[in-house]
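Here's the structure, in structure tokens; my notes come after.
The values are calculated or read from the model by the stated rules, or taken from the named source; none is laboratory data. These numbers were taken from a predicted model, which means no experiment stands behind them. Glycine also receives a Cβ, built like all others from the backbone with ideal geometry; neighbour counts cover every protein chain displayed.
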Amino acid sequence: MTIGLAGKPNAGKSTFFKAATMADVEIANYPFTTINANKGVTYVRAGCPCIERSKRCGHCVEGIRYVPIELIDVAGLVPDAHQGRGLGNSFLDELRQAQAIIHVIDASGSTDIEGNPVGVGGHDPMEDVDFLNREITMWMFGIVRRNWDRLARKIQAEGLKIEKVLAEQLAGAGVDEHQVLCSLAECRLEHNHVKWSDEDLVRLCDGIRMISKPMIIAANKADIAPGEFVSDLQSLDQIVVPTSAAAELVLRSAASSGAIKYVPGDGSFTVLSEELSPAQKKGLEKVHALLEKMGCTGIQECINRAVFELLDLIIVYPVEDEGKWTDKNDRMLPDAFLMKKGSTAHDLAYKVHSDIGNSFLYAVDARTKMRLGEKHELNDGDVVKIVSTAR
């Protein structure tokens, strides 16, 4: 599972990445601080099923389970990146790995369309929303258009499946055959694809982009943004989460040093150290005021909503002992798998191991002890034992 952080330079992507992963990356107030993609591990947050038991599993934090996912912070994007402008080629190449994108926007309007500082309110962040979509669409269009005339004739002459041919062309962009097929059904282009215009291909690629690279907006620097800028972004017909990556980084850094107790995603923290400097106290006071205003920094919410809402995933916990909820080594709830909503017990068996999937007999709901067939759809938070003939 990989989530990509994208957006124009200087919007706060690297701060978001560092706050979410605590990886050591360079952060600076000028465009193209990130040259090569940063990769790290962040986590989605959920309630752990062990809170229903008399003891904790040892894999959660006070009943909160954190499930790892990969996060990629790619180079900043500027208009016409698909033509190689800025670091566009690097950006688009790295983004192919992402199943979803968090578009980090400078909601404060303190940077222009290319990421140059202009002061708070100096640029309308609404202008930053559509250009990322267009760059990804035009990147895919460029890939398809390059060989389209030849491919269209070949498809017609040899009776090939158009979705298969297009998926092969866009494989490097992380696109599969099913996604192409869904876009074809949605676009309803002329049956004779040899007659498709460039506009038709752009529309098709735009549909493929929406399906293969779903996007959520992080309205970053929301703590210093003019109120109307944030409300305008939130009026969009897509998921928009106000965030302050800088505040989250302060909290995680302070928690890492033992100065405070803070659980990522919480709306408060507790000061533990009595040896804070005046500057540290002032900084934490500012963050406390921000949390009272925003409720949280938004970073964990953004990650969670990208995984659970945008990608429609659930968490399932496979066990070997349905009574104790443990594996063969007596570890309680050792694994937590992210799976697509609608996944079945048989799908979980394959997720555990291909041999177990191939020899699947049935599953058991560890809560109710009911036997589950191979087509039983799993729910978020299910604890399941898989029974198979595999040893």
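One line per residue, one yes/no per condition, for (1) among the small types (Gly, Ala, Ser); (2) assigned to a strand (DSSP E or B); (3) closer than 26 Å to Trp139 by Cβ:
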site	(1), (2), (3)
Asp206	no, no, yes
Arg209	no, no, yes
Ile216	no, yes, yes
Ala219	yes, yes, yes
Glu228	no, no, no
Leu236	no, no, yes
Ala247	yes, no, no
Ala254	yes, no, no
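Just one of Gly381, Gly295, Gly373, Gly342 is surrounded by fewer than 19 Cβ atoms within 10 Å (Cβ to Cβ), of a type in the set (Gly, Ala, Ser) and on the phi < 0 side of the Ramachandran plot; which is it?
Gly373
Looking at region 207-229, which of its residues are under 19 Å from Ala289 (Cβ atoms) and either aromatic (Phe, Trp, Tyr) or more than 21 Å from the chain's Cα centre (by Cα) (or both)?
Asp223, Ile224, Ala225, Pro226, Gly227, listed by residue number.
Thr270 passes all but one of (1) surrounded by fewer than 16 Cβ atoms within 10 Å (Cβ to Cβ); (2) modelled with pLDDT of 95 or more; (3) assigned by TED's automatic domain parsing to the domain that holds Lys8; which number fails?
Every condition holds for Thr270 apart from (3).
Out of the residues in region 121-130 meeting the condition of being surrounded by fewer than 17 Cβ atoms within 10 Å (Cβ to Cβ) and part of a helix (DSSP H, G or I), tell me which one is modelled with the highest pLDDT.
Met126
If you go through region 178-198 one residue at a time, do you hit one that is in contact (Cβ under 8 Å) with a residue 60 or more places away in the chain, more than 22 Å from Arg305 (Cβ to Cβ) and surrounded by fewer than 17 Cβ atoms within 10 Å (Cβ to Cβ)?
no
Taking Ile315, is it under 23 Å from Gly109 (Cα atoms), under 25 Å from the mean Cα position of the chain (by Cα) and among the β-branched types (Val, Ile, Thr)?
Answer is no for this residue.
Mind checking which residues of region 164-183 are within 20 Å of the chain's Cα centre (by Cα) and not in a helix (DSSP H, G or I)?
Hits for region 164-183 are Gly174, Val175, Asp176.
Checking Thr344 against (1) in contact with a Ser or Thr (Cβ under 6 Å, 6 or more places away or on another chain); (2) among the polar types (S, T, N, Q); (3) in the same structural domain as Asn379 (by TED's automatic domain parsing), which single condition isn't satisfied?
(1)
Count, please, the residues in region 369-391 that happen to be of a type outside the set (Val, Ile, Thr) and in a strand (DSSP E or B).
Total meeting the criteria: 5.
Within region 14-31, which residues are of a type outside the set (Gly, Ala, Ser) and modelled with pLDDT of 90 or more?
Selection gives Thr15, Phe16, Phe17, Lys18, Thr21.
Restricting to region 345-362, and then to whatever is in contact with a His (Cβ under 8 Å, 6 or more places away or on another chain) and part of a helix (DSSP H, G or I), can you tell me which residue is surrounded by the fewest Cβ atoms within 10 Å (Cβ to Cβ)?
Among those residues, the one meeting the criterion is Gly357.
Within region 216-225, can one find any residue that is over 18 Å from Ala19 (Cβ atoms), in the same structural domain as Gly63 (by TED's automatic domain parsing) and of a type outside the set (A, V, I, L, M)?
Looking for residues that are over 18 Å from Ala19 (Cβ atoms), in the same structural domain as Gly63 (by TED's automatic domain parsing) and of a type outside the set (A, V, I, L, M), one finds none in region 216-225, hence no.
Exactly one condition in (1) in a strand (DSSP E or B); (2) without any contact (Cβ under 8 Å) to a residue 24 or more places away in the chain is not met by Met339; state its number.
If we test Met339 against (1) in a strand (DSSP E or B); (2) without any contact (Cβ under 8 Å) to a residue 24 or more places away in the chain, just (2) comes out false.
Looking at this structure, is Glu275 surrounded by fewer than 14 Cβ atoms within 10 Å (Cβ to Cβ) and assigned by TED's automatic domain parsing to the domain that holds Asn10?
For Glu275, the condition - surrounded by fewer than 14 Cβ atoms within 10 Å (Cβ to Cβ) and assigned by TED's automatic domain parsing to the domain that holds Asn10 - is not met.
Residues being of a type in the set (Gly, Ala, Ser) and over 30 Å from Met126 (Cα atoms): count how many of those fall in region 236-277.
Final tally of qualifying residues: 10.
Taking Val230, is it in contact (Cβ under 8 Å) with a residue 60 or more places away in the chain, assigned by TED's automatic domain parsing to the domain that holds Ile51 and of a type outside the set (Asp, Glu)?
So Val230 passes the test.
Could you grab me the full set of residues in region 261-275 that are more than 29 Å from the chain's Cα centre (by Cα) and assigned to a loop (DSSP other than H, G, I, E, B)?
Listed by number, the residues that qualify are Leu272, Ser273, Glu274, Glu275.
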